[in-house]
Amino acid sequence: MSAESNQLDALLSESRVFPPSEAFRAQANFNDPSVYERAAADPEAYWAEQAQHLTWFEPFTKVLEWDPPHAKWFIGGKLNAAYNAVDRHREGPRKNKAAILWEGEPGDSRVYTYDMLGREVDRAAHMLHHLGVRKGDRVTIYLPMIPELAISVLACAKIGAIHSVVFGGFSAKSLRERILDADARVLITADAGWRRGGQIPLKANADEAVAGTAVEKVLVVRRVGEASGAKMTPGRDVYWDELAAQMPKTPYPAEPMDAEDVLFLLYTSGTTGKPKGIVHSTGGYLVGANTSLRSVFDLKDTDVFFCTADIGWVTGHTYVVYGPLTAGATVVMYEGAPDWPHRGRFWEIVEKYGVTIFYTAPTSIRTFMKWGPEIPAQYDLSSIRLMGSVGEPMNPEAWMWYHEHIGGGRAPIVDTWWQTETGCAMIAPLPGLVAAKPGSVTRPVPGISAAVLDEEGNPVELGHGGYLVITKPWPSMMRTIWRDDERFRRSYFGKFPGVYLAGDGARVDEDGYFWVLGRIDDVINVSGHRIGTMEVESALVDHPAVAEAAVIGRSHEVKGQAITAFVTVKEGVTADEALAKELKQHVVDKIGALARPEEIIFTAELPKTRSAKIMRRLLRDIAEGRVIGDTTTLADPGVIEELKKLYKEND
Ligand code: 6R9
């Protein structure tokens, strides 16, 4: 607990307050403070009002049915997500407005107006239909950040198929696991992807992943071309451009979906080795995403919105695709790394497209800090009027740097707390109404009831840490875990009946501001990406040399947390540098590069309680070089001294 409390003390002594400027307040979409009280007094009425910003084919007749842990929102309503994100804008003055400004890593770029995007989505919907995809079928999408990724997502939505996007950084094995769980029949991928000038072998991974699954067809986007060396399996694989050329140029009719029909699955890490397929609904999710853009991000028709997240994560789903597009925004989408071919790439993009709203993660901000303020200073960032942060707790230093060097000391910052499970930002300032405090996510957005509870389920005293929970249902909440409702019930509603347990620790200060402390479960947050300790542990013990493994997240200056693996090897195995390297690569092969352990520490034994539970907190203390506290529950206290020594040697 000591590191967390130290960090918290530092945060709570943070007394700087940044109220919105009068100019910002005056122009903000949400600038009447009574919205908070109104929404709290009658959340259903508030959400029903927000739902009017979408186009419904048939209106809903009831706002909410709440049978904990199951919520149904906008009952009886029919709508289509792709129609709301694209087609309805084609019918009005936004028809020729830029929907997506896409920047490729090698320097190529493309612009899609809403009308152009609509035609591409229609063609892709025809292709999916041609490949046998029907309403309710699952389509797995494994693509780089190219326009076809957004187009594929929207084409699934148009048909009423359920998309499951798998981040391109995941390995063939992770992809396979997700394809199997979703029982997908079609996979959309690319020949390869560009990353820092090199290639990510997406097609080769896909070939390995689909063998023996229900996938019958693989639709392949040509991104790299010949040089990718991608091999096509006749009868199963078809190139996107070749099939597209054969499709009718007619609109594909938008499937009227029930508000509660599933829009997508998105896999995320939990406390067991098996990732959870988070299920989101069509109506509630879209209302949440759309509202969030207008409220937290103060979106106007003149804005150019740049969210740096990959669509493979929930942030990309909500803030690259569904939120900004349903709100009719111009979205910037970037394919590559922030430092390719140079460290000013993001700022070059901001300048080129006149980005007005910029949304990124603390880990990126800390990286930019390391690279130095002279890099962004070379670009004209004066178009930026609002900035956001998401993914991990933002330290006040990073906040101040962001404020000064990117926001010109002028643009408000919205630090947004939310999760794959919550669908959109839950605790975040409305920038025209709420003063920011660096390091705090401020207060729940209107219509959301959050609290911090103790072990017994009572609200903690001010300033004390506890479990971050959401006490009332909200439209964009996850509906269940794909094919595992029991796990949904247990993981999120098992501790406090009827109350959603986020899995984060938090405190509330005297102004009612929330300060998020980080995960309280066995989930590590590396550069804003969630990784389960169990997933990494199972990958390690899968290696023939490993007897046992315990994985923890230790604090890391740039990544927030880094993965440290403590490993015991089997009899007769030499635990050396070469093996450590091999094990790291083994984890990359099994899960993906994002799960690569920062360090592997070989030890003769792991510290365990007498009931044989690995003492992770103790391992974290060791990895972070803290003094060891009470170890009397340890089966063999001698193990610690041994471990501490080893860790130092390894450092
Ligand atoms: C959107 C997203 C969710 C976890 C969450 C928490 C951490 C996200 C945060 C934050 C502090 C913020 N988290 N935003 N912690 N301040 N503003 O990141 O979803 O990938 O599911 O991760 O990320 O620990 O529980 P996801």
Report task. Please find, within segment 508-543, the residue that is farthest from Gln561 (Cα to Cα) out of those that are surrounded by fewer than 18 Cβ atoms within 10 Å (Cβ to Cβ) and touching a strand residue (DSSP E or B) at 6+ places or on another chain (Cβ under 7 Å). Result -> Asp509
Report summary line: Only one of Thr140, Thr213 is touching a Leu at 6+ places or on another chain (Cβ under 8 Å), outside the structural domain of Val587 (by TED's automatic domain parsing) and in contact (Cβ under 8 Å) with a residue 40 or more places away in the chain, namely Thr140
Report task. Look at Arg489 and say whether it is closer than 21 Å to Glu456 by Cα, of a type outside the set (Phe, Trp, Tyr) and within 15 Å of the ligand (Cβ to nearest atom). Result -> no
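Under the condition of being among the basic types (Lys, Arg) and within 29 Å of the chain's Cα centre (by Cα), which residue from segment 212-234 is surrounded by the fewest Cβ atoms within 10 Å (Cβ to Cβ)?
Residues of segment 212-234 that are among the basic types (Lys, Arg), as a first pass: 217, 222-223, 231.
Then drop every residue that is not within 29 Å of the chain's Cα centre (by Cα), which leaves 217, 222-223.
Working: Lys217: 21, Arg222: 16, Arg223: 24.
Ranking the candidates gives Arg222 first.
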Query raised in the report: Taking the condition among the small types (Gly, Ala, Ser) and over 21 Å from the mean Cα position of the chain (by Cα), does Gly432 pass?
Result: yes
Query - Of the criteria (1) surrounded by 23 or more Cβ atoms within 10 Å (Cβ to Cβ); (2) within 14 Å of the ligand (Cβ to nearest atom); (3) not polar (S, T, N, Q), which one Pro438 fails - result: (1)
Report summary line: Within segment 505-555, the residues that are near the ligand (Cβ under 9 Å from one of its atoms) and among the basic types (Lys, Arg) are Arg519, Arg530
Requested in this report: State all residues of segment 120-143 that are farther than 30 Å from Asp339 by Cα and in a loop (DSSP other than H, G, I, E, B); if no residue qualifies, say none.
Outcome: Leu131, Gly132, Val133, Arg134, Lys135, Gly136, Asp137
Query raised in the report: Which fully enclosed strands (runs of 3 or more DSSP E) of segment 20-119 have 2 or more residues being touching a residue at least 24 places away in the same chain (Cβ under 8 Å) and not hydrophobic (A, V, I, L, M, F, W, C)?
Result: 70-75, 109-113
Query raised in the report: Quick check, is Glu421 within 13 Å of the ligand (Cβ to nearest atom) and either more than 16 Å from Ile365 (Cβ to Cβ) or of a type in the set (A, V, I, L, M) (or both)?
Result: yes
Query - Subset of segment 148-179 (residues that are touching a strand residue (DSSP E or B) at 6+ places or on another chain (Cβ under 8 Å), within 22 Å of Gly212 (Cβ to Cβ) and part of a helix (DSSP H, G or I)) - result: Ser174, Leu175, Arg178, Ile179
Query - Residue among Arg138, Arg110 that alone is buried (at least 22 other Cβ atoms within 10 Å of the Cβ) and modelled with pLDDT of 95 or more - result: Arg138
Report task. Evaluate the following for Gly423: is it part of a loop (DSSP other than H, G, I, E, B), in contact with a Ser or Thr (Cβ under 6 Å, 6 or more places away or on another chain) and surrounded by 24 or more Cβ atoms within 10 Å (Cβ to Cβ)? Result -> yes
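Looking at Thr356, Thr360, which one is away from the ligand (no atom under 16 Å from the Cβ), crowded, with 21+ Cβ neighbours inside 10 Å and not hydrophobic (A, V, I, L, M, F, W, C)? Walk me through it before giving the result.
Values: Thr360 fails: away from the ligand (no atom under 16 Å from the Cβ).
Answer to the selection: Thr356.
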Query raised in the report: On the given criteria, is Ser389 among the hydroxyl-bearing types (Ser, Thr, Tyr), more than 11 Å from the ligand (Cβ to nearest atom) and without any contact (Cβ under 8 Å) to a residue 60 or more places away in the chain?
Result: no
Query - Residue selected from segment 363-384 under the condition in contact with a helix residue (DSSP H, G or I) (Cβ under 8 Å, 6 or more places away or on another chain) and of a type in the set (D, E, K, R), by the criterion nearest to the ligand (Cβ to nearest atom) - result: Arg366
Report task. Among residues belonging to segment 398-417 that are in contact (Cβ under 8 Å) with a residue 40 or more places away in the chain and within 29 Å of Ser491 (Cβ to Cβ), point out the one that is farthest from the ligand (Cβ to nearest atom). Result -> Val414
Query - Residue, modelled with the highest pLDDT, within segment 594-620, restricted to residues that are surrounded by fewer than 21 Cβ atoms within 10 Å (Cβ to Cβ) and part of a helix (DSSP H, G or I) - result: Leu594
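Yes/no per residue for (1) in the same structural domain as Arg222 (by TED's automatic domain parsing); (2) of a type in the set (Gly, Ala, Ser); (3) farther than 29 Å from Ala227 by Cβ:
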position: His129; (1), (2), (3): yes, no, yes
position: Phe167; (1), (2), (3): yes, no, no
position: Arg185; (1), (2), (3): yes, no, yes
position: Ala190; (1), (2), (3): yes, yes, no
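Every residue, every condition in (1) over 27 Å from Gly284 (Cα atoms); (2) without any contact (Cβ under 8 Å) to a residue 60 or more places away in the chain, yes or no:
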position	(1), (2)
Gly494	no, yes
Val499	no, yes
Ala506	no, yes
Asp521	yes, no
Ser527	yes, no
Val541	yes, yes
Thr564	yes, yes
Leu579	yes, yes
Report summary line: Among the residues of segment 289-346, the number that are over 23 Å from Thr420 (Cα atoms) and acidic (Asp, Glu) is 3
Query raised in the report: For segment 553-593, how many residues meet the condition of being closer than 24 Å to Thr367 by Cα, among the hydrophobic types (A, V, I, L, M, F, W, C) and assigned to a helix (DSSP H, G or I)?
Result: 2
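The values are calculated or read from the model by the stated rules, or taken from the named source; none is laboratory data. This structure is a prediction, so every number in the text was calculated from the model and none was measured. Note that each Cβ is placed from the backbone with ideal geometry, even for glycine, and that neighbours are counted across all protein chains shown.
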